[in-house]
Amino acid sequence: MSGHDGQAGSWLAQSPRPGRIAAYLGLAVLGLLVGIAGALVQGAWFPGGLLLSLLATAGLFYGSLRATGTQLGVLAPAVGWLMGIVVLSIGRPEGDGVFSAGIGPLVYMLGGMAVAVMCATMSRS
């Protein structure tokens with residue numbers, strides 16, 4: 001990516017635009033919500049819920065790539081998504097947790113991370 005003066009990397013010296021910052025923050029919040037909803041759905045309706053959760057996650061990551069055209073556009077919702085599922089997987093001192101033991105939560109976490117990496121490394125042309 002090059003800046004206005006044609007030098008590679010000069011875009012790093014530019015100040016970020018408020019609209020773009022708001023878009024990335026909105027995508028992070030959307031990622032958090034999709035992560036929480038996916039964690040609940042994948043456990044409730046296994047295996048269909050797992051497939052639905054992974055499709056929603058892939059749609060969010062790919063859609064954010066297409067909307068922003070940047071890798072940061074995938075990173076923002078991926079960070080929100082990961083924060084949501086990590087918080088839900090920790091559980092409470094009483095032993096309550098959203099994620100159950102089994103293959104479903106593991107596939108959801110690893111599958112979602114794999115989809116984020118795939119979308120971030122896709123060609124943006």
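The values are calculated or read from the model by the stated rules, or taken from the named source; none is laboratory data. Everything quoted here is computed from the prediction, not taken from an experiment. Positions of Cβ are generated from backbone atoms using ideal geometry, with glycine treated the same way; all protein chains shown enter the neighbour counts.
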Looking at the stretch 70-90, can you tell me whether even one residue there is over 15 Å from the mean Cα position of the chain (by Cα) and at positive phi?
no
Members of the stretch 40-70 found to be among the hydroxyl-bearing types (S, T, Y) and either more than 17 Å from I85 (Cα to Cα) or in contact with a Leu (Cβ under 7 Å, 6 or more places away or on another chain) (or both), listed by number:
Y62, S64, T68, T70
Considering each of G19, G80, G38, G59 in turn, give the residue that is surrounded by fewer than 17 Cβ atoms within 10 Å (Cβ to Cβ), in a helix (DSSP H, G or I) and modelled with pLDDT of 85 or more.
G59
Considering only residues that are surrounded by 15 or more Cβ atoms within 10 Å (Cβ to Cβ), modelled with pLDDT of 85 or more and hydrophobic (A, V, I, L, M, F, W, C), look in the stretch 86-125 and name the one that is farthest from S53 (Cα to Cα).
A120
State all residues of the stretch 41-56 that are loosely packed, with under 15 Cβ neighbours inside 10 Å and farther than 20 Å from A78 by Cα; if no residue qualifies, say none.
A44, W45, P47, G48
